[in-house]
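Just so you know, all these numbers are worked out from the coordinates, no wet-lab data involved. This structure is a prediction, so every number in the text was calculated from the model and none was measured. We place every Cβ from the backbone using ideal geometry, glycine too, and count neighbours over all the protein chains shown.
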Amino acid sequence: MANYKLWQRYGIEMEYMIVDRNTLDVLPRADVALGKDKNGEQLSDVEHGPIGLSNELVSHVLEFKCAEPVDSLKHLGKTFHHEIVKANETLKSINAMLLPTAAHPFMDPAVMQLWPYDCLDIYQAYDRIFNCKGHGWANLQSTHINLSFNGDEEFGKLHAAIRALLPLIPAVAASSPFLDSKYCGYLDGRIETYRHNQEKIPSITGKVIPEAVFTYKDYEEQIFNRVKADIAPYDPEHLLNHFFLNSRGAIARFDRGAIEIRLVDIQECPDADIAIAEWEVAVLKGLVEGAFASENEIRALDTDALAKILLATTHSAEKTVISDRDYLKIWGIDASEITAGELVHKITDKVKSKISTHSQELLAKMFRRGTLASTLVKNVGADPDRDDFVYEYGRLAHCLAENRLYGID
């Protein structure tokens, strides 16, 4: 994305689990979907026109991504879905299929298998340092969006806006309420496990909300240099790049002129993911254009306060009551408190003209239904057994296969 200005280019990445079609047990068989080259060597990356497929870290996850940055997100869900259908067809040969949502409800992460091909030395280093046999590494699927910027001025505007947006993301996108065959206590269990997966070296994830830094120089000094210094004793071979190590909820990729938002739980179908991505872009545009507050007010938001709101929305998603007056002020809210869901509605009303008609329609249905996590908790029940999960998550797999929303008649 280097040299593209703000709002000129986007990149989307979507991660799905590979599971047995009948039992929904995870299957470490991304190799089947990725295939082999003409010499019979295993591929780790393939491109099918506008969409690339790849594997990262674990063998039961398949990633779909834009092969090249795109200038619009409109109709991109259909493009992703086309490749998802093809991958599912390939996986039928081993009685497997793709499963959506950000966390498998009954996977034992101890059965995780590292991807044994490209980048194995890097994955082994991560496993040695952090032990990847936990939900925070082996069982968290997300939708990433990359947004282009050019130079410090655009970076500062975009980074400030993203920091303000991040605490609201679980209120829109939470889809991971179950871990270890039970309700995990959080509607966004993925973010909760993500917060802790690198506690051995706290500077890598920070407080998930990035620090209030708005230039390359400040980012280098306050974030990258700390990460590089803290990882050094654990990585004598210098395998781990600071761009990849940085695990905040949004990471600056100065090497490619983009900020990548990593906080979004993946949904039940790509149309839903693209609708949320369009919503993110619309809200960020509103913030940058001054539709809600001044740039100085947005930059002044306290990192600890934002992290506290994020922790609350991680727990309760759209039902979270937000009472931080400084935070509400930047959205133009005069009330002393408001639920995250109500706040999302008010924000969306202000920026919906920046969202495609199709995604507006989907978002309206999703907001009426509630987050995927809330809907799953309601449908699966308080004391689910394995059969309950297999049935309900089987329905989700059908939603993915057909590119339609879950829980909406």
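Among the residues of the stretch 79-120 satisfying the criterion of being hydrophobic (A, V, I, L, M, F, W, C) and assigned to a loop (DSSP other than H, G, I, E, B), which is farthest from residue 179 (Cα to Cα)?
Per the criteria, the residue is 119.
Would you kindly identify the helices (runs of 4 or more DSSP H) lying entirely within the stretch 287-345 that contain at least 1 residues that are closer than 23 Å to residue 363 by Cα? Quick ask: steps written out before the conclusion?
Numbers: elements: 295-299, 303-316, 325-330.
Hits in the stretch 287-345: 303-316, 325-330.
Any residue at all in the stretch 261-277 that's under 16 Å from the mean Cα position of the chain (by Cα), in a strand (DSSP E or B) and within 21 Å of residue 151 (Cα to Cα)? Full working, then the answer.
If we filter the stretch 261-277 for residues that are under 16 Å from the mean Cα position of the chain (by Cα), which is where we start, we get 261-277.
With in a strand (DSSP E or B) added as a condition, the list becomes 261, 265.
Going one step further and asking which of them are within 21 Å of residue 151 (Cα to Cα), we end up with 261.
Yes, the conditions are met somewhere in the stretch 261-277.
Just for the stretch 80-108: of the residues that are without any contact (Cβ under 8 Å) to a residue 40 or more places away in the chain and within 18 Å of residue 268 (Cβ to Cβ), which one is surrounded by the most Cβ atoms within 10 Å (Cβ to Cβ)?
Only one residue tops the list, namely 83.
Criterion first (touching a Leu at 6+ places or on another chain (Cβ under 8 Å), hydrophobic (A, V, I, L, M, F, W, C) and surrounded by fewer than 21 Cβ atoms within 10 Å (Cβ to Cβ)) does residue 161 satisfy it?
Numbers: touching a Leu at 6+ places or on another chain (Cβ under 8 Å): yes; hydrophobic (A, V, I, L, M, F, W, C): yes; surrounded by fewer than 21 Cβ atoms within 10 Å (Cβ to Cβ): no.
So residue 161 does not fit the description; no.
For the stretch 167-189, enumerate the residues that are assigned to a loop (DSSP other than H, G, I, E, B), under 21 Å from residue 274 (Cα atoms) and not hydrophobic (A, V, I, L, M, F, W, C).
Hit for the stretch 167-189 is 175, nothing else.
Can you find, within the stretch 183-212, the residue that is nearest to residue 381 (Cα to Cα) among those that are among the hydrophobic types (A, V, I, L, M, F, W, C) and crowded, with 21+ Cβ neighbours inside 10 Å? Let's see the steps before the verdict.
Of all residues in the stretch 183-212, those among the hydrophobic types (A, V, I, L, M, F, W, C) come to 184, 187, 191, 201, 204, 208-209, 212.
Cutting the leftovers down to crowded, with 21+ Cβ neighbours inside 10 Å gives us 187, 191, 204, 208-209.
Numbers: 187: 14, 191: 22, 204: 36, 208: 30, 209: 32 Å.
It comes out as 187.
Return the residues of the stretch 303-318 that are touching a residue at least 60 places away in the same chain (Cβ under 8 Å), charged (D, E, K, R) and out of contact with any Lys or Arg (no Cβ under 8 Å at 6 or more places or on another chain); say none if nothing qualifies.
318
Do the conditions hold for residue 144, that is, is it buried (at least 16 other Cβ atoms within 10 Å of the Cβ) and either free of Cβ contacts under 8 Å to residues at least 12 places away in the same chain or under 30 Å from residue 9 (Cα atoms) (or both)? Steps first, please.
Working: buried (at least 16 other Cβ atoms within 10 Å of the Cβ): yes; either free of Cβ contacts under 8 Å to residues at least 12 places away in the same chain or under 30 Å from residue 9 (Cα atoms) (or both): yes.
So residue 144 fits the description; yes.
If you take the residues of the stretch 246-260 that are under 29 Å from residue 177 (Cβ atoms) and not in a strand (DSSP E or B), which of them is nearest to the chain's Cα centre (by Cα)? Don't jump to the end; show me each part of the working.
Restricting attention to the stretch 246-260, the residues satisfying the condition of being under 29 Å from residue 177 (Cβ atoms) are 246-251, 259-260.
Now narrow it down to the ones that are not in a strand (DSSP E or B): 246-249.
On the way: 246: 15, 247: 12, 248: 11, 249: 9 Å.
The selected residue is 249.
I'd like the full set of residues that are within 22 Å of the chain's Cα centre (by Cα) and assigned to a loop (DSSP other than H, G, I, E, B), limited to the stretch 30-62.
Passing the criteria: 44, 50, 55, 56, 57, 59, 60.
How many of the residues making up the stretch 369-386 are farther than 19 Å from residue 169 by Cβ and in a helix (DSSP H, G or I)?
The total comes to 4.
Among 328, 362, 343, which is the only one that is closer than 19 Å to residue 170 by Cα and in contact with a helix residue (DSSP H, G or I) (Cβ under 6 Å, 6 or more places away or on another chain)?
Details: 328 fails: in contact with a helix residue (DSSP H, G or I) (Cβ under 6 Å, 6 or more places away or on another chain); 343 fails: in contact with a helix residue (DSSP H, G or I) (Cβ under 6 Å, 6 or more places away or on another chain).
After applying the criteria, what remains is 362.
Considering only residues that are more than 18 Å from residue 286 (Cβ to Cβ) and of a type outside the set (D, E, K, R), look in the stretch 323-340 and name the one that is surrounded by the fewest Cβ atoms within 10 Å (Cβ to Cβ).
If we take residues in the stretch 323-340 being more than 18 Å from residue 286 (Cβ to Cβ) and of a type outside the set (D, E, K, R), then 336 is surrounded by the fewest Cβ atoms within 10 Å (Cβ to Cβ).
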